[in-house]
1. Taking the options ILE154, ILE179, name whichever one is assigned to a helix (DSSP H, G or I) and more than 19 Å from the chain's Cα centre (by Cα).
2. Out of segment 241-277, which residues are in contact (Cβ under 8 Å) with a residue 60 or more places away in the chain, among the β-branched types (Val, Ile, Thr) and in a helix (DSSP H, G or I)?
3. Could you tell me whether PHE183 is of a type in the set (Phe, Trp, Tyr), under 27 Å from ALA241 (Cβ atoms) and at pLDDT below 95?
4. Among the residues in segment 12-29, are any modelled with pLDDT under 90, on the phi > 0 side of the Ramachandran plot and surrounded by 16 or more Cβ atoms within 10 Å (Cβ to Cβ)?
5. Answer yes if at least one residue in segment 199-221 is out of contact with any helix residue (DSSP H, G or I) (no Cβ under 9 Å at 6 or more places or on another chain), assigned to a loop (DSSP other than H, G, I, E, B) and under 27 Å from ASN108 (Cβ atoms), and no otherwise.
6. Here are GLU250, GLU214, GLU226: which of them is in the same structural domain as TYR137 (by TED's automatic domain parsing), at pLDDT below 95 and of a type in the set (Asp, Glu)?
7. Only residues in segment 125-154 that are closer than 20 Å to TYR178 by Cβ and modelled with pLDDT under 90 count as the first member; pair them with residues that are among the aromatic types (Phe, Trp, Tyr) and crowded, with 16+ Cβ neighbours inside 10 Å, Cβ under 9 angstrom, at least 6 apart or cross-chain, and list the lot.
8. ASN234: over 20 Å from the mean Cα position of the chain (by Cα) and among the polar types (S, T, N, Q), yes or no?
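The values are calculated or read from the model by the stated rules, or taken from the named source; none is laboratory data. Model, not experiment: these values are computed from the prediction. No Cβ is skipped: glycine too gets one built from the backbone with ideal geometry, and neighbour counts run over all protein chains shown.
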Amino acid sequence: MPLDKPKKIEDYILRYLQSGPILMLDLVKKIQNDRPKTTKQAVYAALRILKKNEQIVTYKGVASLNLSWLNSMVNYFALAKNSYVKGDSTQGSFTDLEDKEKIKYYFNSPTKADIFWTHALYLLTERSEAKEPIFIYNPHEWFLLARHDNENEIFKTVNRKGHHLMLTAGGSTFLDRYIKKYFDNNSSQYHSLETPLFKENNYYLNIVGDFLIEVWLDQNMSNKIEAFYKKTINWDENKLAELKNIINVESRMKIIISRNQQKAEKIKRSLKKYFVL
């Protein structure tokens, strides 16, 4: 798709988003200036298509390129990526948080939340200091099973940027042990706990430098994931389908991104003992 000669509305959207996030209302105006007969409804329909294709993310009326998709097309979209991770064009970005500040986000499906979550993790990783380990805590690392390609791409991106990825799971079931094969025990390391680090089985955490991405999944869905992990003693296509049926449902989720050096260091100290740094 030649972004220098846009034809479809989707092309115009992606071209404008090369320079950074834009209010969707402003995006409509920009496109209408280029295509006077374009309706607001047509622009929003094109935004829905791009969002469904996981090429963009939207939140509170602002559209952004999805850095997960962007990262898989590094060469083709090199200019756009440079604008997003090095520029200062973000509007109200969580990367601008001061210490002890935080922003809350709400989503109505795990897929939508995962897209934004990945987007946030990419952005913070790109801006973090080289060689700073990235710490992840999940009650269970089911993402490698149900969304393997996306999760694997996150691992590769973290490593390419010179960071080690340290993932701790809060369980020791068959599936918790099964995924250990996806880690190289060097640049990506994994440890499963006999006892969860946190009481809430719907609480997920990423730590990138002083930044924390805290995620609360729907409690009912989390309980089903927990039950699935406890009963599963093998892994095959049928089990994959069963897991996807659990997670691919409409459910309310919360993500809090904060900058808190004291809290981040405290949790990192409790996790570091499981890894070789």
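1. Details: ILE154 fails: more than 19 Å from the chain's Cα centre (by Cα).
Being assigned to a helix (DSSP H, G or I) and more than 19 Å from the chain's Cα centre (by Cα) holds for just one of ILE154, ILE179, which is ILE179.
2. ILE247, ILE267, listed by residue number.
3. For PHE183, the condition - of a type in the set (Phe, Trp, Tyr), under 27 Å from ALA241 (Cβ atoms) and at pLDDT below 95 - is not met.
4. Yes, because at least one residue in segment 12-29 is modelled with pLDDT under 90, on the phi > 0 side of the Ramachandran plot and surrounded by 16 or more Cβ atoms within 10 Å (Cβ to Cβ).
5. yes
6. Just one listed residue meets the conditions, GLU250.
7. Sorted first by the residue in segment 125-154, then by its partner, the pairs are HIS148/TYR182; ASN150/PHE143; GLU151/PHE143; GLU151/TYR182; ASN152/TYR182; ILE154/TYR122; ILE154/PHE143.
8. Yes.
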